[in-house]
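Worksheet for the structure shown next.
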Amino acid sequence: AQKITQTQPGMFVQEKEAVTLDCTYDTSDPSYGLFWYKQPSSGEMIFLIYQGSYDQQNATEGRYSLNFQKARKSANLVISASQLGDSAMYFCAMRERRGSSNTGKLIFGQGTTLQVKP
Amino acid sequence: EAGVTQFPSHSVIEKGQTVTLRCDPISGHDNLYWYRRVMGKEIKFLLHFVKESKQDESGMPNNRFLAERTGGTYSTLKVQPAELEDSGVYFCASSPGRARSGANVLTFGAGSRLTVL
């Protein structure tokens, strides 16, 4: 069965420094998609970045990049130059596969709470 | 463009009562999803609509939960009768196009927090 694991319940980072949030996944499928979402205190889940298993390069979106290591089955989120507004909960997710097809739904990890210190 | 809107943001009810949560997806998004996060646990899928049809309801916990999407626009999720274990945050999400496309991105609402006493 597919599974997402986020082993860091909470993380602290100093403002302007970089931070890495860990995500490992388990799947036997060669084709899969990985997502990161941010949930600030306001509650909404904000999409940050997507990585496809066949993408040749690691995904980047502004200050967010994904350190995708396929052999290790890890998809760590790297936030560069942390800002106070980055304080939030971060969720790693994978699109579910059934047989050889994607389904519409996402499988989530437990989340990591990031606190950025001034 | 307006995002995914959920109402109410917080509901407190007694065990045995009924609650109806509402979700307004982004206009034009055919796919609508309900997810739930129970305290301290992962966010779990409940069900998926494509327009007005239920595509996948494999995550619905039991028959006390009823979801509808009239006319393929907004959706409601009714819990009747509510039990203590139903407490949690209920998220709605929507997406355009082909739900099965690997890169199809779900846009989430802010969630409806349900507390059952």
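The values are calculated or read from the model by the stated rules, or taken from the named source; none is laboratory data. Given the structure is predicted, the values throughout are model-derived calculations rather than measurements. Every residue, glycine among them, receives a Cβ derived from its backbone with ideal geometry; neighbour counts consider all protein chains shown. Please note that ligands, DNA and RNA were not included when accessible areas were found on the heavy atoms of the full protein model with its side chains. Shrake-Rupley method; radii C 1.70, N 1.55, O 1.52, S 1.80 Å.
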Q) In this structure, is A:Tyr25 modelled with pLDDT of 95 or more, outside any loop (DSSP other than H, G, I, E, B), surrounded by 19 or more Cβ atoms within 10 Å (Cβ to Cβ) and touching a strand residue (DSSP E or B) at 6+ places or on another chain (Cβ under 7 Å)? A) yes
Q: Please find, within the range B:43-72, the residue that is nearest to A:Arg95 (Cα to Cα) out of those that are open to solvent by less than 50 Å² (accessible area, probe 1.4 Å) and over 13 Å from the mean Cα position of the chain (by Cα).
A: B:Val50
Q: Go through the residues of the range A:45-64 one by one and say whether even a single one is modelled with pLDDT under 95, more than 11 Å from chain B (Cβ to nearest Cβ) and either in a strand (DSSP E or B) or buried (at least 19 other Cβ atoms within 10 Å of the Cβ) (or both).
A: yes
Q.
Every residue in the range A:7-22 that is within 28 Å of B:Gly88 (Cα to Cα) and either open to solvent by less than 10 Å² (accessible area, probe 1.4 Å) or not in a loop (DSSP other than H, G, I, E, B) (or both), please.
A. A:Gly10, A:Met11, A:Phe12, A:Leu21
Q.
Consider the range A:28-43. How many of its residues are open to solvent by 10 Å² or more (accessible area, probe 1.4 Å) and under 16 Å from the mean Cα position of the chain (by Cα)?
A. 4
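Conditions tested, residue by residue: (1) under 14 Å from B:Val89 (Cα atoms); (2) touching a strand residue (DSSP E or B) at 6+ places or on another chain (Cβ under 8 Å); (3) loosely packed, with under 14 Cβ neighbours inside 10 Å.
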position	(1), (2), (3)
B:Ser11	yes, yes, no
B:Thr20	yes, yes, no
B:Pro25	no, yes, no
B:Gly28	no, no, yes
B:Tyr35	yes, yes, no
B:Met39	yes, yes, yes
